[in-house]
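Report on the following structure.
Please treat every number below as a calculation from the coordinates, not as lab data. Small disclaimer: the values here were computed from a predicted structure and weren't measured. So basically every Cβ, Gly included, is an ideal-geometry build from the backbone, and we count neighbours across all protein chains shown.
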Amino acid sequence: MAKVRGLLLAGLLGVLLTGALPAAASAATPAPAAVTVAAETAITQVNAVRQAPPGPVLDPTQTDKANADKTKKNLIAGGAAVVLLAIVFFGRRHRIKRRKAQGG
């Protein structure tokens, strides 16, 4: 089993190194300056044509209203959690007192 695992790891390492070395070698060879300048010009022109629209315009009054609504919902949820916790706490306390009174 150890031999199989070792062979598998060696094979995987070999594949990774074989795939990585040609890519690194091609990246290391510099392209001619004329090709680089032409490619940059073409990329700049394409980016100018496909300009992303600006993001949404946020109205501060709507943002404040949304934050207030979210805060209100969080307070309601927190209040419900406190009420449920109190029900559980006092219910267990009542049950323990009842068991002690019965002698159990």
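General observations
- Summed residue charge, Cβ within 14 Å of Gln62's Cβ, Lys/Arg positive, Asp/Glu negative: -1
- Nearby lysines by direct alpha-carbon distance to Lys97 (threshold 24 angstrom, same-chain neighbours under 8 apart not counted): none
- Within-14-Å neighbourhood charge of Gly78 [Cβ basis; K, R +1; D, E -1]: +3
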